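The values are calculated or read from the model by the stated rules, or taken from the named source; none is laboratory data. Computed from a predicted structure; not experimentally measured. Virtual Cβ from ideal backbone geometry, glycine too; neighbours counted across all protein chains shown.
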């Protein structure tokens, strides 16, 4: 049996010979098995460890299987229970199923019968995970549906994807914001042997700092204030499939440690669980940050860097593959118009294509997608003209940030040198903003690159720009 069908199984029976037999046989078939001789012992274990399935004897001294089932469903609702007994009656079977048992078997039971039930539990778990994964797969309106581009740079990307997709290797996808890193991850997944399983995308930068461990690895009921029930983490949701960690550089040190542990051992541990469990998950990662520079600043673990960087794919910015812009623009306009491509193609004239290819696209494909949607709306669904494009694209400016720069007082003094500090004038905040805007201009408005050069986080850069905008508006 493959690792994707491996379950963590609890066996509760007062007969030691049967416990030993089930442990031996189920372990040989790939399952992780824990045994208990009584209901009370089982409850103590369940408070510390999460199980996929529990095989419960109906007739036990002290606490019956039915009573244990009731407590089990309260403590660990996701654990599927199988009731077994040598005293089979229709009434006890109906009662067990009414209380949430997955199935009911009679002694002496056949191991193949138990294995068949466990296989159904695994199938149910996979289906549930797929459903949860689908709910997490709400894609932003940005990005395009397929990986478009035949430029030499993109041909190289396609070759790398074809090489690594059939493997289970961890992949690190690098590139500026908006270049389509998630799309590359999806393409790898769709070309992999795991294509029929789940694909779970996670934006690490969007996870709450206080709940990131719970979101990724799950938690047990009452593990912390507000944990009203067991919660399955995204690693468990992706079991058998692929987990895509976008904005990997945003993960804090404690979570980096847990990610490294998983990549080295395949083990995850829910918050509040005493014992780890295994998950069969392929991990794809992406970032627009310089991870090696973060390693040098002690912001990213060096051992984790080498783990995630098993196979690297670097996406070129759009300005370095301008020959792909016409095809990309047509695809994105088709999506915005929600019409067949053959209907849209005649609406995209050469003058518009010329304007698009002469712009530097600091926001890359994401910015192009927004521009095409804007142009479609302004044109009223008619043939697109250059005047339908956003003004800064028509003007061919490298970035709209230049408009912000013009609002900041400048000086005619030359740039200061280490030996001669030239006063810039204005308040300290104004001097700081002058420097920020110069760095933004240098990087063509690419905020992630500017933040890296400035030595601040992307969030801090956005906060400073927003504060400057508010102050400027307030000043009239």
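One residue is enough: does the range 162-176 have a residue meeting the conditions at positive phi and not assigned by TED's automatic domain parsing to the domain that holds residue 122? Yes, the conditions are met somewhere in the range 162-176. With closer than 27 Å to residue 128 by Cβ and more than 31 Å from the chain's Cα centre (by Cα) as the only criterion, which of 18, 7, 75, 69 stands out? Sole residue among the options that is closer than 27 Å to residue 128 by Cβ and more than 31 Å from the chain's Cα centre (by Cα): 69. Here the range 84-106 is the region considered, the condition is being in contact (Cβ under 8 Å) with a residue 24 or more places away in the chain and within 23 Å of residue 126 (Cβ to Cβ), and the residue that is surrounded by the fewest Cβ atoms within 10 Å (Cβ to Cβ) is 100.
Conditions tested, residue by residue: (1) in the same structural domain as residue 117 (by TED's automatic domain parsing); (2) under 15 Å from residue 101 (Cβ atoms); (3) modelled with pLDDT under 90.
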| position | (1), (2), (3) |
| --- | --- |
| 39 | yes, yes, no |
| 43 | yes, no, no |
| 49 | yes, no, yes |
| 54 | yes, yes, no |
| 65 | yes, yes, yes |
| 68 | yes, yes, no |
| 74 | yes, yes, yes |
| 77 | yes, yes, yes |
| 80 | yes, yes, no |
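Residues of the range 209-241 that are outside any helix (DSSP H, G or I) and closer than 23 Å to residue 295 by Cα: 209 alone.
Taking the conditions (1) crowded, with 16+ Cβ neighbours inside 10 Å; (2) more than 18 Å from residue 124 (Cα to Cα); (3) in contact with a strand residue (DSSP E or B) (Cβ under 6 Å, 6 or more places away or on another chain) in turn, residue 53 satisfies each one other than (2). Within the range 190-202, the set of residues being closer than 21 Å to residue 217 by Cβ and not in a loop (DSSP other than H, G, I, E, B) comprises 199, 200, 201, 202.
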